[in-house]
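Following: one structure in structure tokens, then a few remarks.
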Amino acid sequence: MRPMDNIKKFFFFLALLFFSACALRPPSVTVHSKPGVSIRGGKLGILPFQCLSPPIGVAVSDVTAANLLGSPFSVIERSYLSQILQEQGYSVTGITENPNLEEIGKLSGVDYLLVGNVTILSQRRRWIIEATARIVDVKTGEIVLAVLYKPRSDNDMLPQPTGEALAVAIRNETMK
């Protein structure tokens, strides 16, 4: 074997290693919290996330809720929240499009609401290209915590890892 062949193989291996490392980069999660506001718990109601494909929005919000059970929040079941709102003549869909947060807080007894949006790329498969989750203080209507999730690989573009990443970021920020 010629020395030049070994050099070519070496550089091919380095390029392969570099590109596979780029493909395996973790998703990007950015957290913004309101300065001077510390969230240490309370009752958290979770509404379905808005999405062009409603089942994907519901799936992401459900996964996020399930993964927040280890957080300082008392997580209120989405179906329970829906039932309370429907008894008062509200629909969850109408609430997420035009929310009266103070009224929701009074009706349901929650301190905070988790709302969000999921942006998908609709081609052969529905890939999540971005998701945001916001915790809103129902008394003031202020966003006290926001998380932005941007997947970096095909596996990260599904509801399960998206909801998990959002929940981990929220849990880490509220347990500081």
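Being at pLDDT 85 or above, under 26 Å from the mean Cα position of the chain (by Cα) and small (Gly, Ala, Ser) is a condition met by at least one residue of segment 34-43. Could you tell me whether Val147 is β-branched (Val, Ile, Thr) and modelled with pLDDT of 95 or more? Yes; evaluated as a whole, the condition is true for this residue. Here Leu81 meets the list (1) in a helix (DSSP H, G or I); (2) touching a helix residue (DSSP H, G or I) at 6+ places or on another chain (Cβ under 6 Å); (3) at pLDDT 90 or above almost entirely, failing just condition (3). For segment 58-78, indicate whether the set of residues that are part of a helix (DSSP H, G or I) and at pLDDT below 85 is non-empty. Checking segment 58-78: at least one residue is part of a helix (DSSP H, G or I) and at pLDDT below 85.
Pairs are defined by a Cβ separation below 8 Å, a sequence spacing of at least 6 or placement on different chains, a first member in segment 31-59 that is on the phi > 0 side of the Ramachandran plot and surrounded by 14 or more Cβ atoms within 10 Å (Cβ to Cβ), and a second member that is not in a loop (DSSP other than H, G, I, E, B) and not hydroxyl-bearing (Ser, Thr, Tyr); the pairs so defined are Gly42/Phe73. Annotation: of all residues in segment 118-137 being at pLDDT below 90 and either β-branched (Val, Ile, Thr) or not in a strand (DSSP E or B) (or both), the one that is nearest to Gly41 (Cα to Cα) is Ile128.
The values are calculated or read from the model by the stated rules, or taken from the named source; none is laboratory data. Bear in mind that the values here come from a model prediction, so they are computed numbers and not experimental data. Cβ coordinates were reconstructed from backbone atoms using ideal geometry, including for glycine residues, and neighbour counts include every protein chain displayed.
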